[in-house]
Structure formats: C-alpha cells, structure tokens
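Taking it in order: structure first as structure tokens, then the write-up.
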Amino acid sequence: MNPLDTHPDFDESFRDNFAAVDNTTGKRNWFFPQKPTGKWHNRRVWFTIFQLSVMFGLPFIKVNGQPLFLFNILERKFIIFGIFIGPQDYWLFGLMMISFFVFIVFFTTVFGRVWCGWACPQTVFMEMVFRKIEYVIEGDWKAQRALEKAPWNNEKIVKRTLKVVVFMTVSFLIANLLLSYFVGVDRLWRIVSEPITEHLTLFLGICAFTLIFFFNFAWLRDQACTVVCPYGRLQGVLLDKNSVVIAYDYKRGEPREKLHKGKERTAGDCINCFQCVNVCPTGIDIRNGTQMECVNCTACIDACDNIMEKVNLPKGLIRFDSENNIASGKSKLITTRTIAYAVVLTALWVALGYAILTRDDTETTMLRVPGSRYIENPDGSISNLYTFKLFNKTNHAINPEMRILFPKGSLKFAGIPSLHLDGAGMVEGSVFITIPKTEIANRRTEVKLAIYAGSEKLEEFKTTFIAPEE
Ligand code: SF4
Ligand code: SF4
C-alpha cells in the first residue's frame, strides 16, 4: 500500500504512532495547520461555495408542492429527488442506500478519498468554514500556537470569546440546515416564527445539535475523520495501487536533503522543508506514503508546489497520482475490481430505475376472508367476501375508487365505503365481490381490480374468486 515500500531506506515505524496522540504523555496532539494557499486550495474554495450554495438551497426547492429531499426519521417519511418513500417502500430506500454505498466504494477505488477532501460536510465545514474563521480571529498557525501558550490576558480572552460566539452561531446555522432536511423549511419556519413552547421538542433538538456541532468543530476536529469516521478506516481495503490518491513522488524526491546554496545538488528534489507537514490538518507526513489519516485536502500539494516554484524545481513532487504510476510509470484505471464494481452498480441502478418507473401510487392487498364460502344469490350471481388494505404511497391525500376490471361484477363495501386516504395513510375494510354466474367459467376465477383517482388508474391488482362447481 505504501509508495515507499520499494525504497531501500523505507522505514515503516511511523505506522506504530498515531499522529494525533503524543507518544510520551499519551495526550492529544493539537494541530495548528499553516494556512493553505495555492491552485488546489483556490479550486476547493470555489467548489465549497458551489457545494454550500447547493446544501443551503436544496431544502427550498419543491417538486409538486413537496421538498426535493426530506429525511423525516421521526415520522418515517423520506423524499429523495422528489420521490416520496413511505413505510411500504422502505425496500426502495434500502436499494437507494446500497446503490449509494456501492457508488462510494467504486469511486473510492478509482479516485481515492476525493469525497473526504472535497465534498464531505465534515471536511468542508471544518477546513473551509471554521478553520477560516479561526485564521481571521487568531491569525495563522504560529500566532495560534502563541495564543494557546499565552496566559489568559485580555487579548486571549477577547479572541477566544469571539471565536466561541462565532463558532456557536455557525453551529446554530448548521443545526437549522440539518433540521430543514429532517422536517422541511415550512415547518422549520414555523419553529422559528411561532412561540417556542409550541415546538419545544424540535427547538431542543436544534439546541442539542448546535452543541454537538460546536463540540465537533471546536474540539473533535481531525479526530472525527481519523478516529470516528468508519469510511476513513475502510481505506485500507478500498484503495489499491491503481487508486488515484495524494501521493509523494519518492522516486523524484528521495534522498531528501536540505538545500545548500552554491553547492551542486546530488540529492532528490525534496528539500526537507516540512511545509507539507506544517499545512496538514491531520498532522501526518505524506512522504511516508498513503495513510488512513489523509483526508485528501490537497494542502500539501499546494505547499510543496509553492516551495518547488521558489527553488526552481518542477512542481508536482506531491500530486494526485497512483502508487503504480509513481513506482513504474504504469497505472490502470480499469481493473478487474473496478469492472466488477461497475457491473454491480449498473445492475443496482437498472433495478432502481425499473422499481421507480413501475411504482404505483397505492398498494392494495385483498384476501378472501379465511373460512368463508361463496354466497349464491337469488338472482343467480355469486358473492365472495374479502378483507382489503389500501395504502397511499404518496405524500398527499387522495380519494381513490376501487373498480373491477375483469370479469364483469360489482363491489359492495361493508360499512362506510369512503376510501379517503391521507398522505402515506392506510384504510382497511371488508368488501363483497359479486359476479354473475354467466361470467364464471371455473371454480377459481382470477379477478382483476384497479384503484382509480378520477380517470387516472393508480394501481392494478388481482385476487381469487371462488364459485360452486358446475
Ligand atoms: S514540501 Fe515538498 S520539498 Fe518540502 S518537505 Fe514536503 S515534499 Fe519535501
Ligand atoms: S497529507 Fe496532504 S492531503 Fe492528506 S490530509 Fe495532510 S495535507 Fe491534506
């Protein structure tokens, strides 16, 4: 896995240490990464602006009066790309989640941890929002270190208080954003505009999540990625030597040596300036090779490129590349493994597409009442008694009508015949199906029924009808 494993001086002892923990005291190592600057960082800034605009804008987008996305866990209602998923369609939700995870696995195998560095909300908010606020309030890494060591004088009290207030405010905003995906912006607006007592539970939820986000971005930070996140820990099995990762070109860089002015350089291109380490938010040295802690933030690429430019050496000593390409100049994006993932993913997407396109708005089950017999009516027709359950799989109320399609016959509901259904609602009841004897050819006849809303057919279903033997 490690790109240095073919290097004679390679030393793997760094893997015995966790950068975030002090080996002597066992205490946490608090990182003060240097402010990143450069081409890749600028790209990430633009991507972050785009991503945050999408994240904050999506809850306001509605399709047919309902949100494009909703993850209402409490009421077990989910809307994904405008598709409402109620209790009858959890399997669809499961299929979507499986497809998403296979996509992430496939994407990781090919492009490494691009998700972590560019799109994961943890990294985006930590590095591109909270860290930037910190740079503004406390200054760059050296100033932050000095402030940390300084006694609690006026300057430290003011800066730290300001940081807590701004961090809390942004955490509160993120908690509201999260809630808008849980309950929708309309309900969120009611929570904001109506008396707190009317929405006490959700208000307390916002407060709790504000504190959780504050704790995460003010204290947990890099450890959310290196200790808590299961995806980070899966890198060892997801990546292979053809995966594109952020990698140090040890062939070009080694042996590393300080730059000595006026002396002809015989060593590799790495001048051992430690800039790549100084900017790393997870405190690792990428020159040791691909590591679980690397979140692909690109800061070390920019730092090294800036140094290479200053010392008149080609850029790209640290870059996006595969281990195989660095070792031998040969790399394959399409491997047996990626083909296998692509096949599974395509099959899942086809199944998902088919399930969505052929999905009905209602789901009905109709069964003959156990132990009941057919009824021979005086007019020569036959009746069977059924129980039925009719589920509304949409998020809006409907007034459906049940009709017999084949053979000719009639329905007579026991009790109230109203089939009104609230969004995601269900009605159940009993119904007689009556069919003239002339329409019945066999002892068992398949009856086709349908659910209509006005002239629109929502669903077709079947049941079995029993008649006396001729
Ligand atoms: S920034 Fe580049 S030159 Fe400096 S130590 Fe890191 S790899 Fe070597
Ligand atoms: S090694 Fe480089 S890309 Fe990885 S986390 Fe550190 S600075 Fe970011």
Whichever residue in segment 239-255 is within 16 Å of ligand 2 (Cβ to nearest atom) and not hydroxyl-bearing (S, T, Y) and, among such residues, is farthest from V277 (Cα to Cα)
L239
Candidates L238, L220, L259 - the one that is more than 10 Å from ligand 1 (Cβ to nearest atom) and touching a residue at least 24 places away in the same chain (Cβ under 8 Å):
L238
Residue in segment 316-326 that is within 25 Å of the chain's Cα centre (by Cα), closer than 27 Å to N23 by Cα and within 16 Å of ligand 1 (Cβ to nearest atom) present:
no
Does V245 count as in the same structural domain as F320 (by the TED database) and away from ligand 1 (no atom under 11 Å from the Cβ)?
yes
Out of G329, G316, which single residue is without any contact (Cβ under 8 Å) to a residue 12 or more places away in the chain and within 30 Å of R256 (Cα to Cα)?
G329
Contact list, first residue from segment 192-215 and assigned by the TED database to the domain that holds L173 and closer than 14 Å to N176 by Cβ, second anywhere and polar (S, T, N, Q) and in a helix (DSSP H, G or I), beta-carbon distance below 6 Å, six or more apart or interchain, is T210/S171; F213/S171; F214/S171
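Considering only helices (runs of 4 or more DSSP H) fully contained in segment 271-334, which possess at least 3 residues that are at pLDDT 95 or above? Break it down into steps so the answer makes sense when it comes.
Numbers: elements: 275-278, 299-310, 323-328.
Fully inside segment 271-334 and qualifying: 275-278, 299-310.
Quick one: in segment 190-227, of everything that is open to solvent by 40 Å² or more (accessible area, probe 1.4 Å) and polar (S, T, N, Q), which residue is farthest from C116 (Cα to Cα)?
Residues of segment 190-227 that are open to solvent by 40 Å² or more (accessible area, probe 1.4 Å), as a first pass: 190, 192-198, 200-201, 203-204, 207-209, 211-212, 214-215, 219, 227.
Then keep just the ones that are polar (S, T, N, Q); that gives 193, 197, 201.
Details: S193: 36, T197: 39, T201: 33 Å.
Only one residue tops the list, namely T197.
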Quick one: in segment 274-287, which of the residues that are of a type outside the set (S, T, N, Q) and more than 7 Å from ligand 2 (Cβ to nearest atom) is least open to solvent (accessible area, probe 1.4 Å)?
R287
Residue by residue through segment 165-189, note down the ones that are open to solvent by 60 Å² or more (accessible area, probe 1.4 Å), at pLDDT 95 or above and of a type in the set (F, W, Y).
F172
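Pick out the one residue from T362, T346, T290, T338 that is of a type in the set (S, T, N, Q) and within 16 Å of ligand 2 (Cβ to nearest atom).
Values: T362 fails: within 16 Å of ligand 2 (Cβ to nearest atom); T346 fails: within 16 Å of ligand 2 (Cβ to nearest atom); T338 fails: within 16 Å of ligand 2 (Cβ to nearest atom).
Unique residue meeting the criteria: T290.
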Segments classed as strands (runs of 3 or more DSSP E), wholly inside segment 372-438, with at least 2 members that are open to solvent by 80 Å² or more (accessible area, probe 1.4 Å) and within 30 Å of F93 (Cβ to Cβ)
426-436
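The values are calculated or read from the model by the stated rules, or taken from the named source; none is laboratory data. Everything quoted here is computed from the prediction, not taken from an experiment. Please note: Cβ atoms are built from the backbone with ideal geometry, for glycine as well, and neighbour counts cover all protein chains shown. Side chains included, ligands, DNA and RNA excluded: accessible areas come from the protein's heavy atoms. Shrake-Rupley method; radii C 1.70, N 1.55, O 1.52, S 1.80 Å.
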